[in-house]
Amino acid sequence: MNAETHIIGESTAIAELRNLAWQVAKTEVTVLITGETGSGKEVLARYLHEHSKRAHSKFIAVNCGAIPSGILESELFGHEKGAFTGALQARKGYFETAHQGTIFLDEIGEMPLATQVKLLRVIETGEFQRVGASEVISADTRIIAATNRSLQHEVAEKNFREDLFYRLQSVELRIPPLRERGHDILLLTEYFIHKAEKKHGISFSGFTREASGMLLDYGWPGNVRELKNLVESLLILEKGHEITPDILERHLVQRSRFKSLVHDPEQSEKNQLNLIYSSLIQLHQEIYEIRQLLQEQDQRPAPPRTTPLLLPPATVPEHKPHAESTQTSLTLEEMEKQHILLTLETCGGNKRQAAKALGITERTLYRKLNAYQEAGN
C-alpha cells in the first residue's frame, strides 16, 4: 500500500512531530494525540497507520463524542442477537472489524466511564466481550486515541479513569495550533488550493502578497480545518479570481459573524459583541455607499474609499453631505472606537486576543489603533 497522507509543514514543531511520528509508526505502542479542534489529529493518526506494519489492513476512525453513550459500547465491541431492544441479529463491533489493523478513537475524553473500563481491558489483554455475550473475543488491533481536552483535568474531575489515561499516554504526540506554525500556513494554503482546483475543476489565481500577509496574521481559531474550508470557499465564491486583502477580509468577517450566531454558553457575551460589531460594520458600509450615490448625483467627487469593510475616516469632507448623514457617521465611528478600545482593555492589551474577539484581523486592529493615535485620541 502506498502512503497517501502527508504532514505538511516546515516549521520546527512540525518537523519534530513528523520525525517522532515516523519512529512511533513502526512500533505497536498505543498513541495519544492531543491538539485543538481542527488541528489535524485524524490526519496524523492516518499517517501513523499508513507507515506502520498494519498499513495493508483497515483503518477505522470512531468519534466517541458523536455516538450516543448508550450505544457506544455496542458500536465498539459488537452485540449478540436480542442483547437489547432492536438487536435483531448479531453484529461485529469496530474492534473486530479492525482486526490486524488500526482503530482511531477520536475525542476519547467523551467516552463514558463504563466503556472506559472495557477499553482498558482491551489495551491490557486484547480481549473483550460483545454486549449480551459471555464468549471472550480476541482482537489484534492497534489503538490510537485523540482528544482536544486536558485528560489530566478530566482525571482530576473524576470524568476519566487515571489508569486508562496512563495506558493511553505511552506516547503522546501534540499537534501545535496553526497560529504557532508560521510559514506553514502558506504551504498548507497552496496544498489546499491544488486539491480544490482538482476537485472543482476551477483554476485559481491565488493570493496577492498583501493577502498572504493577512493569512499569516490571522489567529485561525478553527486551525487547519478552517483554513481548508476558507480556501475552498474563496475558490468557489470568487470564481478563481485573485484574492486581494479586501476580498479576504470580507470573507473573514462574514465567517466571524456566522460563528457569533452559534450558541456557546461560556462565550455568549463575547459572541453578542462580535455580532453587534459585525452588524455595525455592515450598517456603516451601507450608509457610506448611499452617501457616495448622493454625492455622485450632485456631481461632486466621492471621498476616497480605503479598505472594504472598514469604516471611512472620521474627517468630515470639505463639501459636507446632508447633516443627518454626517451625524450618523460620527456616532457610528465613535461607537466603533469605544468598542475596540474596551475589547482591547478586556483582553489585557493583548492585540491578538482582541482581534479574535472582535472578529477582525490583527492587521486591521493595528491600522485602526494607529489611526486613533495619529488623530490624538
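I'd like the carbon and sulfur percentage of the solvent accessible area for the stretch 1-72, probe radius 1.4 Å, heavy atoms only, ligands and nucleic acids excluded. Provide the component values of the computation, followed by the final result.
Numbers: 1870 of 3620 Å².
The computed percentage sits at 52.
Can you tell me, using C-alpha contacts under 8 Å and at least 6 residues apart, the relative contact order of the stretch 21-77 as a whole percent? Could you put the intermediate results ahead of the total?
On the way: 24 pairs, mean separation 19.5, N = 57.
With pairs under 8 Å counted, the relative contact order is 34 percent.
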Please report the relative contact order for the stretch 2-124, taking Cα pairs under 8 Å with a sequence separation of at least 6, and give it as a percent rounded to a whole number.
-> 25 percent
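Does the stretch 58-140 classify as rounded, prolate or oblate by the C-alpha gyration tensor (a ≥ b ≥ c root eigenvalues; a/c under 1.5 gives rounded; else a/b over b/c gives prolate, otherwise oblate)? Each step should come with its number before you reach the end.
Values: a/c = 1.44, a/b = 1.15, b/c = 1.25.
Judged from the Cα gyration tensor, the stretch 58-140 comes out rounded (a/c under 1.5).
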Taking the stretch 92-156 and dividing mean pair separation by its residue count, relative contact order in percent (alpha carbons under 8 Å, at least six apart) | 46 percent
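Taking 2.2 N^0.38 Å as the expected size of a compact globular protein, what ratio does the Cα radius of gyration of the stretch 174-216 give against it, to two decimals? Don't jump to the answer; show the numbers that get you there.
On the way: Rg = 11.9 Å, N = 43, 2.2 N^0.38 = 9.2 Å.
So the stretch 174-216 has a normalised radius of gyration of 1.30.
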In the stretch 94-172, what percent of the accessible surface is made up of carbon and sulfur (1.4 Å probe, ligands and nucleic acids excluded)?
-> 42 percent
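Would you please classify the overall shape of the stretch 1-71 from the alpha carbon gyration tensor, given that a ≥ b ≥ c denote the square roots of the eigenvalues, rounded means a/c under 1.5, and beyond that prolate means a/b larger than b/c while oblate covers the rest? The partial results should precede the final answer.
Numbers: a/c = 2.02, a/b = 1.30, b/c = 1.55.
Oblate, because a/c is 1.5 or more while a/b does not exceed b/c.
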Extend 7 Å from the Cα of GLN373 along its Cα-to-C-beta direction; within the stretch 343-364, residues with backbone N under 15 Å of that point are 349-352, 363-364
Beyond 20 Å between alpha-carbons counts as too far, so tell me which of LYS228/LYS351; LYS41/LYS228; LYS41/LYS158; LYS337/LYS368; LYS195/LYS239; LYS53/LYS228 fall in that bin.
-> LYS228/LYS351; LYS41/LYS158; LYS53/LYS228
Per residue value of the accessible surface for the stretch 40-184 (all protein chains in place, 1.4 Å probe), Å² | 47 Å²
Once both labels are modelled 7 Å past Cα along the beta-carbon direction, what's the LEU187-ALA114 spacing in nm?
-> 4.7 nm
Going by average Cβ neighbours within 10 Å, how do the peptides 168-175, 352-359 rank, with the highest at the top?
-> 352-359, 168-175
Pick out, from ALA55, LEU88, SER74, the residue whose Cα sits farthest towards the positive end of the charge dipole of the stretch 53-122, with +1 on the Cβ of Lys and Arg and -1 on the Cβ of Asp and Glu.
-> ALA55
Once you have a ≥ b ≥ c as the square roots of the Cα gyration tensor eigenvalues for the stretch 39-92, tell me rounded if a/c is under 1.5, and otherwise prolate or oblate according to whether a/b is larger than b/c.
-> oblate
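The values are calculated or read from the model by the stated rules, or taken from the named source; none is laboratory data. Source: prediction; values computed, not measured. Quick reminder, even Gly has a Cβ in these numbers, built from the backbone with ideal geometry, and neighbours come from all protein chains shown. Note: areas computed on protein heavy atoms with side chains; ligands, DNA, RNA excluded. Shrake-Rupley method; radii C 1.70, N 1.55, O 1.52, S 1.80 Å.
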